[in-house]
Amino acid sequence: MNWLRVFFVGGLTSYRALFAWLNPWVFGPTLIIYPLAQLVFYAYLGRAAHAESDTYFVVGDAFIAAALPAVWGTAQGVAGERRTQTLGMLLSSPASRLALFLGRALPTIVNGFVIAVFCFAASTVLLNFHPSAAALPGLSIAIVASTFSCAAVGLWIGAFGLRGRSTTALNNVVLVAFLLLTGANVPISRFPGWVQTVSSVLPLTHGIKAGREILAGASVSHTTGLLLTELAVGIVYTTTAALALKLLEAESRRTASLETF
Amino acid sequence: MIRLLVNGLRIHFIQLSRSSNDIVAMTLWPILYATLAYYLFGAHSNPRVLFSASLGATVMAIWGSVTTGSSGALDNQRRYGTLELLVAAPVPFMAVLAPITIATASIGIYALATTLLWGWLVFGIPVHLAHPLLFVVALPSAVIAIGMLGLLIATTIVVYRAANFLGNSLEYPGWLVTGLLVPVSVLPAWVQPISWVLAPTWGMRALRHAALGGSTLPDIGACLAVSLIYAGLALFSIRGLERLARRRATLALS
């Protein structure tokens, strides 16, 4: 019971306290204007380059929009404790680390899902995007699976926040990788073979592909393989992130760097 | 006054050059934009198109740096505890603020070097300038014009409670409407007049024409003209802000 309390209540409390964009003055520009402008930009770039359809970019960039709070928010939920000088207190508590840190990922997954839904809805007005109602449940499953795996990457970044002073540069590197290598904006088949191998182990890649297939008329059962692969990627990242959190917590204790800021 | 501007620009350029976050942003992001463009336009398409995309990615990085740096310029000084000293200094406040915003644009030189090198090494895009001398004039003209637009941003959106974040959100809209990678002709017709009043449009045209051939001088002239307009508007805005902050005694409040 205590595990669940730490997971749900602790996660929600952390979200309210540390999610840097919860303030409406910040939420609007960062999680409404920015992702939507990004989506429209790439859709028009695709038109200019005669590359792919609007739907291609809408799916890719709506998933990227979902990744934004999942990665940054989860990372901030862990690494932000250093900024607020509460990391030492948090890590001296006897609470389960798994409940403590996984709970911080859950609200950001919900947030990511909401942002993606907003981007899809806005795209029906701004771009040539008209999904069938039958595709929406499957699309929702693909978004949740992808946002989960992105939050797992956020946990990884957060783990580095237990040891290092800033995770901003790392967040940027991950976002660059997502924009370029997951097939969000460029078909993966255009990349060299080794890049395609890297793509296949990144979050979002399989979820975005599943989302596109579902919108093209495929049933959820037809995309089960892709969705399960996306979930498996998320589980692998979550498991290794849990190990990284444990290792880097020990390392930060050993080097007395918990309160370095 | 000139000493103040030059020294201010030098100090802020050095400060930004020593910030790992800024350097990563100025080298990593333009490489991303350029690579995306190369693959979307086709890595084996016309080298002129790809070279133009490299320049577009550079100006995108400059605009990204300016929106982020300028929107937080006043807040940052407040956070450092230097805002009151700067306002009280016996020089026009604009001469203190302008070097900050122009410096955020001028670190775009790193973006230019990185993007051209990346394009040449990885994609074999030849770096051939049609008018090298004009390019040397076009680059600072573009930087100054975009930096002056940054000054206008710094002195207007600061009234928004989270100016930093609002500034960040201007990144993609700016890239879209100024024709850096996406030609303005593919956008709705009402976007075109907006592009005319934004410095990156003219900066990009000047760089593109100097690099690929074309009439560069009118674009450089347009850069200087919009710079003067931004300076006039920023002066007006700064005076209003300064008066308001003094009357309400809110200069030091964060």
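Each reported figure results from applying straightforward, stated rules to the coordinates on display, with no laboratory input. Since the structure is predicted, the reported quantities are computational estimates derived from the model, not experimental observations. So basically every Cβ, Gly included, is an ideal-geometry build from the backbone, and we count neighbours across all protein chains shown.
Structural remarks
- When A:Ile109, B:Ile14, A:Ile235 are sorted by how many other C-beta atoms sit within 10 angstrom of their C-beta, beginning with the fewest, the order is B:Ile14, A:Ile235, A:Ile109.
- Taking chain A as a Gaussian network of alpha-carbon nodes connected by springs under 10 Å, the highest mean-square fluctuation of the residues A:Phe178, A:Phe41, A:Phe63 belongs to A:Phe41.
- C-alpha long axis of helix A:168-181 to longest principal axis of chain A, angle in °: 20
- Seen against the Cα atoms of chain B and their longest principal axis, helix B:20-41 is set at about 30 degrees.
- Nearest-ten-degree value, helix A:97-126 long axis tilted from longest Cα axis of chain A: 30
- Backbone N under 18 Å from the A:Ala121 label point (7 Å along Cα→Cβ), restricted to the stretch A:9-37: A:24, A:27-37
- Normalising the average separation of contacting C-alpha pairs (under 8 angstrom, six or more residues apart) by the number of residues puts the relative contact order of chain A at 25 percent.
- Value of relative contact order over the stretch A:36-149, rounded to a whole percent, pairs C-alpha under 8 Å and six or more apart: 37
- A Förster radius of 30 Å combined with the Cβ-Cβ distance from B:Gln15 to A:Leu243 puts the calculated FRET efficiency at roughly 0.20.
- In chain A, the convex hull through the Cα atoms has an average projected area of 14.4 nm², a quarter of its surface area.
- Dividing the radius of gyration of the alpha carbons in chain B by their Kirkwood radius gives 0.99 for Rg/Rh.
- Label sites at B:Val24 and B:Thr250, each approximated as a point 7 angstrom past Cα along Cα to Cβ, lie 3.4 nm apart.
- Among B:Glu242, A:Glu81, the order by Cβ neighbours within 10 angstrom, fewest to most, reads B:Glu242, A:Glu81.
- Gap separating the Cα centres of the stretch B:190-208 and the stretch A:114-129, nearest whole Å: 28
- The stretch B:68-91 versus the stretch A:26-51: alpha-carbon centroid distance in Å: 32
- Per the Debye formula on identical point scatterers at the alpha carbon atoms of the stretch B:152-220, with no solvent, log10 I(q)/I(0) at q = 0.15, 0.20, 0.22 Å⁻¹ is -0.58, -0.88, -0.97.
- One decimal place: the segment B:Leu5-B:Ala130 gains 41.8 nm when fully extended, by the rule 0.36 nm per residue minus the C-alpha distance.
- Net charge over other residues, Cβ less than 15 angstrom from the Cβ of B:Ala249 (K, R count +1; D, E count -1): +3
- Mean separation of Cα pairs under 8 Å and 6 or more residues apart, divided by the residue count, gives chain B a relative contact order of 26 percent.
- Distance cut-off 25 Å, percentage of C-alpha pairs in the stretch A:18-133 lying past it: 36
- Separation of the stretch A:216-261 from the stretch B:1-65 is 32 Å, based on Cα centroids.
- Ordered by the number of other Cβ atoms lying within 10 Å of each residue's own Cβ, fewest first, B:Tyr39, A:Tyr56 fall into the sequence B:Tyr39, A:Tyr56.
- Diffusion coefficient, µm² s⁻¹, Stokes-Einstein with Kirkwood Rh over alpha-carbon pairs of the protein assembly as shown at 20 °C and 1.002 mPa s: 89
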